[in-house]
Amino acid sequence: ISQANSPYDTLFEDQLVSVDCSGGAVTVRLPNAISTGKVIIIKDSAGYAATNNITVTTSGGSVTIDGATSYAINSNYQS
């Protein structure tokens, strides 16, 4: 996905979300009721996250990511 697709709402079948943030910051939203044990990898595939952060959050903000309401991917090629 790219800045043009932001915010991107992940789909149930998503396992890997490859993000090209070379054109600007991108937001990826996880579902509020994600299945227990479901793994979704979100990866800065273009190496621009230090300049254009990728923000991972949930659609309604009611679910946390490791205890936080959002997570910033802010290092190049981070996942």
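The values are calculated or read from the model by the stated rules, or taken from the named source; none is laboratory data. Bear in mind that the values here come from a model prediction, so they are computed numbers and not experimental data. Here the Cβ positions follow ideal geometry from the backbone for every residue, glycine too, while neighbour counts run over all protein chains shown. The accessibility values were calculated without ligands, DNA or RNA, using every heavy atom of the protein model including side chains. Shrake-Rupley method; radii C 1.70, N 1.55, O 1.52, S 1.80 Å.
When residues of region 3-56 are filtered for being within 14 Å of Ala72 (Cβ to Cβ) and acidic (Asp, Glu), how many remain?
Number satisfying all stated conditions: 1.
Would you mind stating whether Thr27 is in contact with a Lys or Arg (Cβ under 8 Å, 6 or more places away or on another chain), at pLDDT 80 or above and at negative phi?
When the stated conditions are applied, Thr27 does not pass them.
Take residues that are open to solvent by less than 60 Å² (accessible area, probe 1.4 Å), in contact with a Pro (Cβ under 8 Å, 6 or more places away or on another chain) and of a type in the set (Val, Ile, Thr) and tell me which of the strands (runs of 3 or more DSSP E) falling wholly in the chain contain 1 or more.
26-30, 54-58
Does Asp44 fit the bill of being charged (D, E, K, R) and more than 20 Å from Ser2 (Cβ to Cβ)?
No; evaluated as a whole, the condition is false for this residue.
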